[in-house]
Ligand SMILES: Cc1ncc(COP(=O)(O)O)c(C=O)c1O
């Protein structure tokens, strides 16, 4: 936030800033989704929906799991929410009692800690480093597990590192949690944005598994505030009660619009964008390395590069502010994502056009050469 407001102040003073701090796609919703949304508004399809979402949208999401991921899930287990944020809030409301610990990776998405604290839970950090692609391992989960631990919340692909938790390892973790009666919450918000391998889901893992997902990233619908969760069958009724009380429902116009997101025309547009993100990743990672930054793990998902700047500065926040002030490039200091070696890291988002990324790369190289 500090970087963003400083970047905006520089822009107000007439400087051009290349924004690589922003974690949202530079693409907007595909045209068929926009059209469906406008139709919903014109037709007056704007009343409250059922708390768990439009039945047709829940069916469409279930069909998407079957067609793209080859896994069957009944629509009855799917709840539509106000983004992944709404899903995380409701899921944690459902599972947490005061004092319960939830294991979270450090570095990891900063919202996790706040959602857990909101229900008087205790976020317990698992230090994750380059040796495990910034993802937890079974051993690290076992080490961190205590009598107060209720479960693990993990994102794959991860924000900030863009790395995936290998399926075999996630399965071993799921098995361990199942034996302990813990809940495994997998944030799949960047699902679909993977490069060089087939997209996957944790849906078929054993035990109490909850998935969180969203229309924000792959579907490029951040401000529409729409997401979903896949719940164990036994939890849906209690979830529905809490959702009804806290939200009534997710935006109905957005839900009607999202029905078009699973149609072939929208999916073709979105796959084209995924390929564009991959092209940008293939461009920016070597450019950052050439500039002298270290990228310990090549990201194979999301749209982030997590890069070590300690060769130039032991304080990534100072480096980020210098890069912004003198170099004209905004990036996010690692400290936003936790405390585990984050002082040495920056997160670069490639959510900008190739032209902007080329200019950004030139500026970063110039800044590093003078640092
Ligand atoms: C890992 C992760 N989870 C959840 C969210 C929340 O997203 P939304 O509420 O827009 O679906 C974000 C947003 O950046 C994120 O990066």
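Quick note: the coordinates plus some simple rules give every number you see, no bench work behind them. Given the structure is predicted, the values throughout are model-derived calculations rather than measurements. Because the Cβ atoms are built from the backbone with ideal geometry, glycine has one as well, and the counts that use them run over all protein chains shown.
When the Cα convex hull of the chain is projected onto planes of every orientation, the mean area is 17.9 nm². Every helix of 4 or more DSSP H residues in the chain counts as -39500 (n - 2.57), and over all residues that averages to -13000 deg cm²/dmol at 222 nm. Annotation for segment 63-102 versus segment 303-357: alpha-carbon center distance of 31 Å.
Which of rounded, prolate or oblate describes segment 1-132 when judged by the alpha-carbon gyration tensor and an a/c cut-off of 1.5? In terms of gyration-tensor shape, oblate. Relative contact order of the chain, taken over Cα pairs closer than 8 Å and 6 or more residues apart, is 25 percent.
Prolate is the label for segment 218-276, because a/c, from the alpha-carbon gyration tensor with a ≥ b ≥ c as root eigenvalues, is 1.5 or above and a/b exceeds b/c. Roughly speaking, what is the centre-to-centre gap between segment 229-249 and segment 184-206 when only Cα atoms are used, to the nearest Å? Cα centroid of segment 229-249 versus Cα centroid of segment 184-206: 22 Å apart. Each of 216, 45, 353 was scored by other Cβ atoms within 10 Å of its Cβ. Listed from fewest to most, they are 353, 45, 216.
Taking other C-beta atoms within 10 angstrom as a stand-in for reagent exposure, 61, 242 fall in the order 242, 61, fewest first.
Over the Cα atoms of segment 237-371, the radius of gyration divided by the Kirkwood radius equals 1.13; this is the Rg/Rh ratio.
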